[in-house]
Amino acid sequence: MGCEKFGLWLFFVASVQFFLKAQCINVGITYVQDAGIKGAVCLDGSPPAYHFSDGFGSGINNWLIQLEGGGWCNNVTTCLQRRDTRLGSSKKMVTQLAFSGILSNKPQFNPDFYNWNRIKVRYCDGSSFTGDVEAVDPATNLHFRGARVFRAIIDNLLAKGMKNAKNAILSGCSAGGLSSILHCDNFKSLLPPTTKVKCLSDAGYFINAKDVSGAQHIEGFYSDVVTTHGSAKNLPISCTSKMKPEMCFFPQNVVQLIQTPIFLVNAAYDSWQIKNILAPGVADPHGTWHECKLDIKNCSPIQLRIMQDFRVQFLSALTGVGSSLSRGLFIDSCYAHCQTEMQETWLRSDSPMLSKTPIAKAVGDWFFDRAPFQKIDCPYPCNPTCHNRIFESKDHLE
C-alpha cells in the first residue's frame, strides 16, 4: 500500500472512529451499596448497579430507565454459570458503558430524550427482576433476589430526584424488555400520581410457541425460571390469579391487563426467538438450522416457510394488545433483536422504517401524544430498510 493510499485509509479509520465516538458517550457505574441491607443483591451477593447520565435543560425532571437484557437462568447449574460473570455479579461489570440510541445525549441522534436523566440498570439476577428467595444455599452462595434489586434501584433513583419526575419511561431490551412489561404498572405505582409514565419494551415480547420438534421448550424453560427464583409472587397478580405463574412470564398473557400506556418494538422474526424458541439446539440435534440462524439469507425455502408461520403466531400473540391508542406498536419484518439502543436502528439516515417513520420518531410521537403509532410490517423480505443481523459461527446461539 502506497503512503498516499495508507494515509487515506488511516484518515477513513480515524473518521469512522470519531463518528462512532460522537454517537456514544461513556457513562460511569454506580453501585447501590446500601441495597444489601434489604437483601437486594446480584446472584453472587454483590450490590446491584446502574449507569446514570444526568438530565439537563428542559429534560432535568424527565427520567428514562433502561433495563439491561441477557436471558435467564432456570436452575442452579445455569445460575452458577452466570454467577461469576457480568450477568451475575457487579464485580464483573465494566465500569464505563457506552450510551447510544435511546440513551444518547445528542439531539441529532435522540431528539426527544437526549436531555433526560438516562439510566441503564445492569442485569445480574437472571429472572427479569422477578426473583425473591430468602434462603441462600452456602454450597452455591446463589442469591435469587431480582425483585428486591428492582425495588432498591427505583428507591435509590427516587431519592436522587425521580420523586420529582414530570415524565418517566420504563424501558428495556430483551429480558429487560420483558421486565419493562412485567413491572410496568408496578413502576407507575412507585412514582407520584402527577408523573406522566409510559413503558417501552424492545424485543421483550417472547411468545409461547412450539419448537421445530413440536415441544413446548420455552414454556418448560420459563416454568423452571419461575420455580428457581420464586418469581410467582412478583408477577402481575391480575395474571397469576387466572393462570399458572409461569404462563404470566409470557407477555401475551399479561399485556392486555396492563393499565399503563406501553409501546412494543419488536421484529416479527426476532433473531433470539428464532434461535432459542423456534429452533433451539435441543430441537435441532443435527444442526440443520445452524447456518439459517446465523444469517436469514442462508435459510432454505422450507425453513423460511416455518419462519413465516412463526411470524403468524407472533402476530396472533399480539392481539391482546388491543387497539387503544395508548398502546404503540413498531413490529418490523427484520431478522433482529434489540433495536432501540443501537444508533443505526434507533435513528440514522438508513434506520429501519415503517410508514417512512424510524423507531425514534414513532416512540417520541407516541410518548408526547403528537401522534399514535401502531404499525405491523409486511412479511420478510419486503422491507429494504431492515438491518438484518448476521452472526458469526463462534457466537453463542443459545
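The values are calculated or read from the model by the stated rules, or taken from the named source; none is laboratory data. Keep in mind the model is a prediction, meaning the values are calculated, not measured. Please note: Cβ atoms are built from the backbone with ideal geometry, for glycine as well, and neighbour counts cover all protein chains shown. Calculation scope for accessible area: heavy atoms of the full protein, side chains included, ligands and nucleic acids excluded. Shrake-Rupley method; radii C 1.70, N 1.55, O 1.52, S 1.80 Å.
Remarks
- Alpha-carbon centroid distance for the pair the range 174-241 / the range 33-84, whole angstrom: 16 Å
- The range 279-318 - Kirkwood radius from inverse mean 1/r over Cα pairs (Å): 10.8 Å
- Alpha-carbon gyration tensor eigenvalues x 5, square-rooted, for the chain, Å: 29, 28, 23
- Net charge, D332 excluded, C-beta distance under 9 Å - Lys, Arg +1, Asp, Glu -1: 0
- Rounded to the nearest 500, the 222 nm mean residue ellipticity of the chain from helices alone is -8000 deg cm²/dmol, with -39,500 (n - 2.57) taken per DSSP H run of at least 4 residues.
- Pairs exceeding 30 Å between alpha-carbon atoms, taken from K120/K361; K293/K375; K196/K293; K188/K210; K244/K275: K196/K293; K188/K210.
- A cut-off under 12 angstrom between Cβ atoms defines the neighbours of S46, and their net charge, with Lys, Arg +1 and Asp, Glu -1, is +3.
- Of the solvent-accessible surface of the chain, computed with a 1.4 Å probe and all protein chains present, 57% belongs to carbon and sulfur.
- In the calculated pair-distance distribution of the range 334-383, the portion above 15 angstrom amounts to 48 percent of the Cα-Cα pairs.
- The range 306-398 shape via C-alpha gyration tensor axes, a/c threshold 1.5: oblate
- Long-range amide H partners of Q374 with built H, under 5 Å: L329
- Here the 3J(HN,Hα) profile of the range 177-191, calculated from phi with Karplus coefficients 6.51, -1.76 and 1.60 at θ = phi - 60°, is x, 5, 4, 5, 6, 5, 9, 4, 5, 4, 4, 4, 5, 8, 9 Hz, Gly and Pro shown as x.
- Coupling constants for the range 30-36 follow from the phi torsions by the Karplus curve (6.51 cos²θ - 1.76 cosθ + 1.60, θ = phi - 60°), and in residue order they are 10, 9, 8, 5, 7, 5, x Hz; glycine and proline get x.
- Once the Cα gyration tensor of the range 90-244 is diagonalised, semi-axes √(5λ) in Å: 28, 19, 18
- For the range 108-166, the relative contact order comes to 24 percent (Cα pairs under 8 Å, sequence separation of at least 6).
- Accessible surface for the range 222-381, divided over its residues, is 40 Å² per residue with a 1.4 Å probe.
- What the phi angles of the range 271-283 give under the Karplus curve with 6.51, -1.76 and 1.60, with θ = phi - 60°, is a coupling list of 5, 5, 5, 4, 6, 10, 9, 6, 10, x, x, 5, 8 Hz, glycine and proline written as x.
- Scoring 302-310, 194-202 by mean Cβ neighbours within 10 Å over their residues and listing the highest first yields 194-202, 302-310.
- Net charge of the neighbourhood of E246, taken over other residues with C-beta under 11 Å away and scored Lys/Arg +1, Asp/Glu -1, is -1.
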